[in-house]
Amino acid sequence: MGQKVNPISNRLGIIRGWDSNWYGGNNYGDSLLEDSKIRKYLNARLAKASVSRIVIERTLKLVTITVCTARPGIIIGKGGQEVDKLKEELKKITDKDIQINIFEIKRPELDAVIVANNIARQVEGKIAYRRAIKMAIANTMRMGAEGIKVQISGRLNGAEMARSEMYKEGRTPLHTFRADIDYCHAEALTKVGLLGVKVWICRGEIYTKRELAPNFTQSKDNAGGRGNNGGNNGGGRNFKRKKSSNR
């Protein structure tokens, strides 16, 4: 089961919170469509800003959008001009007031979305896919991930017959719900067709109860600024020690 289902949706409500937080009521469908349009627009508009996730919260008259990005300077612009421009553009999509928060990801190498998009952009730029993947794996492991798995599929090197290749390092336990696994699927449009890139990153195991509401500290944990990662690993070591003493 863990191999088939999306690792993020599999952990919703256990160790991971939702990216849209609001009560829909009768307008559930409209709000959902609006969220989809906002995300689609922001991902296209901020393609160069290494956006990881977009968290949307709604009250009666206000939509709060938190953009988690590795390069906040590109979004903010000189003296915050770009943010104001972005607000005006988003007001055309939704007729509510908009507040934009920008959250910096301290360690983008531990974020699956950013890693997958980097690999895809490199492959589009005619860099050898093996080299791009191996560099990404090395960088992620250097930043303290427990494991990473990358799969690339399609007409690799322009071959007539499409194939899939997988590269792994460390551990990515997809069946373990407490394992904090980040996942992303990206696409690279090459001259011979689309290549699919999937990335799974294991950032350690979570033994404490995780607060699922999207406050800033929580976004920090989810988005790669893993402040409590060392604590989790320590918890893992204590856990093993306890087991051995029971024997």
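Overview of values
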quantity	calculated
Lone qualifier among 149, 61, 92 - being under 19 Å from the mean Cα position of the chain (by Cα) and not hydrophobic (A, V, I, L, M, F, W, C)	149
2 or more residues of a type in the set (A, V, I, L, M) and farther than 21 Å from residue 110 by Cβ: qualifying strands (runs of 3 or more DSSP E) within the stretch 145-194	179-190
Any pair with Cβ under 8 angstrom, 6 or more apart, that starts in the stretch 66-79 at a residue that is basic (Lys, Arg) and ends at one that is outside any strand (DSSP E or B)	71/48; 71/49; 71/50
Answer residue from the stretch 191-215, given it is closer than 30 Å to residue 152 by Cβ and of a type in the set (Gly, Ala, Ser) and is surrounded by the most Cβ atoms within 10 Å (Cβ to Cβ) among those	204
Residues located in the stretch 1-27, provided they are surrounded by fewer than 18 Cβ atoms within 10 Å (Cβ to Cβ), more than 21 Å from residue 94 (Cβ to Cβ) and in contact with a strand residue (DSSP E or B) (Cβ under 7 Å, 6 or more places away or on another chain)	6, 8
Residues (touching a helix residue (DSSP H, G or I) at 6+ places or on another chain (Cβ under 9 Å) and modelled with pLDDT of 85 or more) located in the stretch 198-210	198, 199, 200, 201, 203, 204, 205, 206, 207, 208
Test: residue 63 is closer than 22 Å to residue 214 by Cβ, free of Cβ contacts under 8 Å to residues at least 40 places away in the same chain and among the β-branched types (Val, Ile, Thr)	yes
Selected residue (only one of 179, 186 is under 21 Å from residue 127 (Cα atoms) and at pLDDT 95 or above)	186
Residues being among the small types (Gly, Ala, Ser), closer than 26 Å to residue 185 by Cβ and out of contact with any helix residue (DSSP H, G or I) (no Cβ under 7 Å at 6 or more places or on another chain) - total across the stretch 46-94	1
From the options 66, 94, 59, residue that is of a type in the set (Ser, Thr, Tyr) and closer than 21 Å to residue 114 by Cβ	66
Conditions (1) surrounded by 13 or more Cβ atoms within 10 Å (Cβ to Cβ); (2) part of a helix (DSSP H, G or I): number failed by residue 30	(1)
Residues of the stretch 166-180 satisfying the condition of being within 21 Å of residue 15 (Cα to Cα), surrounded by fewer than 16 Cβ atoms within 10 Å (Cβ to Cβ) and among the basic types (Lys, Arg)	171
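The values are calculated or read from the model by the stated rules, or taken from the named source; none is laboratory data. Everything numeric in this text was worked out from a predicted model, so none of it was measured. Quick reminder, even Gly has a Cβ in these numbers, built from the backbone with ideal geometry, and neighbours come from all protein chains shown.
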